[in-house]
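This report concerns only the one structure given below.
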Amino acid sequence: MNDLTYVQQRFINYTEKIMQSNKLSHSYLIELGDYSLEFPLVLLFVKMILCPKYINVATNLNCHYCNNCRLIDQNVFPDLQIIEAEGNQIKKGQLLSLKDEYQNKSLIGQRRVYIIKNAEKLNPSSANTILKFLEEPEEGIIAILLTNNRYQVLDTILSRCQILSILDDSDLGDIDENIITFMKYLVHPEDLFVYYKKIFDSTLSDKEVAKKMFFLVEKVLVNYLSIKSKEKENDYLSFLDSIDSNVLLSYITIIEEEIPKLVYNINYKLWLNCIYSRFVEVR
């Protein structure tokens with residue numbers, strides 16, 4: 001766990017807070033970049049979930065009080081199932097087998113976890129199968145879906161998962177001036193109020209445009225915090241320097257919580273009013 005990036009450490013800190021506050025959800029979608037580098041971080045979260053000693057600090061795991069962590073690392077722990085694509089798809093039969101397996105109660109602990117790698121490879125049939133599993137979760141069964149891009153996952157599944165990210169967006173390339181302008185409105189409540197109509201009428205003309213725009217804003221904020229943590233400078237994001245890092249983290253959380261709601265047939269303007277109000281309240 002040495003030499004972690006800002007994003008990786010943020011993920012660990014967040015999962016520790018989940019366990020410490022006893023606010024474990026029944027389903028998570030975790031966005032990550034490099035599976036080989038970041039899957040071990042996912043397993044740290046799994047170990048905390050399945051720990052019989054309720055250890056909720058990642059550095060205290062692998063404590064030799066039990067064999068759970070070792071068995072998880074070896075992928076032979078009975079209360080952890082990992083589903084991977086067969087070819088280019090995750091098939092319905094794989095998930096039906098999982099459901100059959102998890103109909104039986106655990107003989108080891110109170111919780112069971114299943115991980116679906118490359119959740120964007122769920123085909124319509126398998127997606128429908130896992131959707132029913134997510135809609136009617138059984139007590140003690142935790143779903144963790146992994147993907148490189150949350151927006152390649154079906155909206156119906158995305159909306160039923162709590163979203164976490166280990167995605168390193170430090171290399172974003174050229175940032176469109178429209179995004180920077182929009183962010184300046186968002187982080188300064190007085191500007192947001194003055195330019196609200198302009199933003200709604202032109203910048204965020206519909207749901208899909210809004211989804212892409214807020215997704216980019218989230219990436220830029222994560223990138224900025226990563227740079228800031230390394231005491232580097234970035235001229236085009238200098239307007240964020242006066243804003244507390246905790247406020248920026250709150251903005252990221254708001255975006256992660258609100259974007260999935262666009263899946264439902266909601267009033268788009270009311271949704272936009274809600275997210276704007278939450279940004280203003282944070283300041």
Residue count for the stretch 205-253, restricted to those that are at pLDDT below 80, among the polar types (S, T, N, Q) and closer than 20 Å to residue 11 by Cβ: 3
Those residues that are charged (D, E, K, R), under 16 Å from residue 255 (Cα atoms) and out of contact with any Leu (no Cβ under 6 Å at 6 or more places or on another chain), I need them from the stretch 194-213; list them, please. 208, 212
Conditions: (1) under 17 Å from residue 106 (Cβ atoms); (2) charged (D, E, K, R); (3) touching a residue at least 40 places away in the same chain (Cβ under 8 Å). Residue 31 meets all but one. Number of the miss? (1)
Of the residues that sit in the stretch 151-194 and are in contact with a helix residue (DSSP H, G or I) (Cβ under 6 Å, 6 or more places away or on another chain) and under 14 Å from residue 272 (Cα atoms), which one is modelled with the lowest pLDDT? 192
Got at least one residue in the stretch 93-112 being under 17 Å from residue 42 (Cβ atoms) and touching a residue at least 24 places away in the same chain (Cβ under 8 Å)? yes
Please count how many residues of the stretch 61-100 are among the aromatic types (Phe, Trp, Tyr) and buried (at least 18 other Cβ atoms within 10 Å of the Cβ). 1
Would you mind listing the helices (runs of 4 or more DSSP H) fully within the stretch 88-184 where at least 1 residues are not assigned by TED's automatic domain parsing to the domain that holds residue 22? none
Within the stretch 195-204, take every residue that is hydrophobic (A, V, I, L, M, F, W, C) and part of a helix (DSSP H, G or I) and give me the one that is modelled with the lowest pLDDT. 200
Residue that is modelled with the lowest pLDDT, among those in the stretch 139-150 that are over 19 Å from residue 252 (Cβ atoms) and touching a strand residue (DSSP E or B) at 6+ places or on another chain (Cβ under 9 Å): 140
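The values are calculated or read from the model by the stated rules, or taken from the named source; none is laboratory data. Just so it is clear, the structure is predicted and the values come from calculations on it, not from any experiment. We place every Cβ from the backbone using ideal geometry, glycine too, and count neighbours over all the protein chains shown.
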